[in-house]
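**Student:** Okay, here's the structure, questions in a sec.
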Amino acid sequence: MIIFTSNIKSNRFIPAAEPQPNSYRDNLPERPSRNPLDGDHSVRFPRVVADAPFFQLVQLKNGDWSIRSLAEGETFHPVIGPAAEAKALYVRQLKLCDRMRQEAAEFVIWDVGLGGGANALTVINQTAGAGRRVRMVSFDRTLEPLRFARQHADTLGYFGDLTCHVDQLLKSSVVNFQHGARAVHWEVKLGDFPTLMADESITDLPAPHAILFDAYSPARNAAMWTLPLFGALQRRLSENRPCVMPTYSRSTMLRTTLLLAGFFVGVGHATGEKEETTIASNDRSMIDEPLGMDWLKRARASTSAEPLVEPTYRQAPLSPASLKQLLAHPQFHPQPLPVARSGPGVDGVPAAAASDGP
Ligand SMILES: C[S@@+](CC[C@H](N)C(=O)[O-])C[C@H]1O[C@@H](n2cnc3c(N)ncnc32)[C@H](O)[C@@H]1O
């Protein structure tokens with residue numbers, strides 16, 4: 001693996017230590033890092049330490065380049081690389097070109113966790129010419145990863161011909177440009193995403209047709225994976241606008257959280273890294289392979305299924321109250337509810353052997 005480290009102040013390449021193999025796709029807490037910037041990043045920004053390197057450019061096994069956050073100890077798109085993952089998880093799975101073409105007005109995408117811009121840029125590039133108007137609303141608490149990516153745009157290889165638009169975005173947080181026959185509006189909302197979602201005085205966010213949800217792992221970034229956050233996000237969707245949100249994780253905890261937040265939830269496409277991901281929607285018909293009673297049985301037996309409520313990572317089995325709410329979820333109807341009976345099951349759903357991959 002070839003590694004370059006960029007120093008935020010001087011942006012010169014300096015030799016870097018071999019990164020740890022962990023990625024933000026791991027669902028388990030990572031061992032503590034010795035990085036001086038490390039701390040509880042789930043609830044506050046990393047401290048700025050002069051001359052400290054924040055990001056590294058790393059070359060993945062398949063030859064593609066990606067970004068590693070030293071503060072979080074996690075690599076973006078760690079296995080198949082930035083562009084390949086964005087294509088598999090979003091462009092192909094959501095059939096974005098078709099959906100954009102079908103939208104007579106504006107097609108709205110929320111890009112949660114803008115980071116180095118790989119998801120947003122790949123989606124814009126790969127859907128070139130589709131639709132009449134596209135609005136990309138990116139959210140992040142910092143533009144530093146995008147600045148770093150911009151400095152290494154040639155190596156990262158996913159900027160296409162959009163580099164000048166990224167420059168404008170970095171300068172003014174908004175850019176409008178013509179992309180073939182369609183108009184693209186791209187803006188960045190800077191700040192803490194959970195706080196923004198919970199702020200009911202913010203009413204001018206256009207409801208999305210698609211959400212690219214790409215935070216760090218729950219173990220490192222718990223605030224981005226809580227039930228209150230996904231509940232607030234779900235309430236911002238429009239009843240009249242089917243919206244689909246794929247995520248790279250297939251964890252039982254995430255799936256329970258999305259269901260209890262009011263989404264319909266199903267098995268998402270493989271990406272090359274994971275044989276299965278997760279897809280959520282406010283419209284049942286958008287889910288090809290909805291989770292069924294088998295999944296519910298496995299969730300009942302899982303040791304890590306209870307949603308996070310606080311922005312602190314922990315693992316816990318489903319509480320009886322959560323299981324009751326899951327059973328009442330429209331996703332599991334009109335299938336008849338299992339007959340209640342005494343025994344180890346709760347509300348008639350017996351425990352089953354858990355297979356709880358991340
Ligand atoms: C894995 S990176 C995203 C990679 C990016 N999607 C890409 O394609 O390059 C996760 C991003 O989530 C952002 N993030 C983490 N916690 C956040 C929070 N509470 N509010 C807003 N953004 C947050 C981080 O700053 C980081 O840029």
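**Student:** Read through the list (1) out of contact with any helix residue (DSSP H, G or I) (no Cβ under 8 Å at 6 or more places or on another chain); (2) more than 6 Å from the ligand (Cβ to nearest atom), then give the number of the only condition that P145 fails.
**Tutor:** (2)
**Student:** It is to be established whether one or more residues within the range 214-235 are surrounded by fewer than 19 Cβ atoms within 10 Å (Cβ to Cβ), more than 16 Å from the chain's Cα centre (by Cα) and in a loop (DSSP other than H, G, I, E, B).
**Tutor:** No: zero hits.
**Student:** I've got another one for you. Output the residue which, of all residues in the range 148-161 that are near the ligand (Cβ under 10 Å from one of its atoms) and among the aliphatic types (A, V, I, L, M), is surrounded by the most Cβ atoms within 10 Å (Cβ to Cβ).
**Tutor:** Among them, the one singled out is A149.
**Student:** Test each condition in (1) more than 13 Å from the ligand (Cβ to nearest atom); (2) under 18 Å from the mean Cα position of the chain (by Cα) for L89 and report the one that comes out false.
**Tutor:** (1)
**Student:** Taking the options G129, G191, G180, name whichever one is within 14 Å of the ligand (Cβ to nearest atom) and of a type in the set (G, A, S).
**Tutor:** Answer to the check: G191.
**Student:** Ok, one more. Here is a check on your reading of the model: is I287 farther than 26 Å from L70 by Cα, crowded, with 24+ Cβ neighbours inside 10 Å, touching a Gly at 6+ places or on another chain (Cβ under 9 Å) and not charged (D, E, K, R)?
**Tutor:** No; evaluated as a whole, the condition is false for this residue.
**Student:** Condition first: surrounded by fewer than 21 Cβ atoms within 10 Å (Cβ to Cβ) and modelled with pLDDT under 95. Now tell me which residues in the range 251-273 satisfy that.
**Tutor:** Scanning the range 251-273 gives H269, A270, G272, E273.
**Student:** Any residue at all in the range 131-153 that's in contact with a Ser or Thr (Cβ under 7 Å, 6 or more places away or on another chain), over 18 Å from R182 (Cα atoms), part of a strand (DSSP E or B) and touching a residue at least 24 places away in the same chain (Cβ under 8 Å)?
**Tutor:** no
The values are calculated or read from the model by the stated rules, or taken from the named source; none is laboratory data. What you see is a predicted model; the values in this text were computed from it and never measured. As a convention, Cβ positions derive from the backbone with ideal geometry for all residues, glycine included, and neighbour counts pool all protein chains shown.
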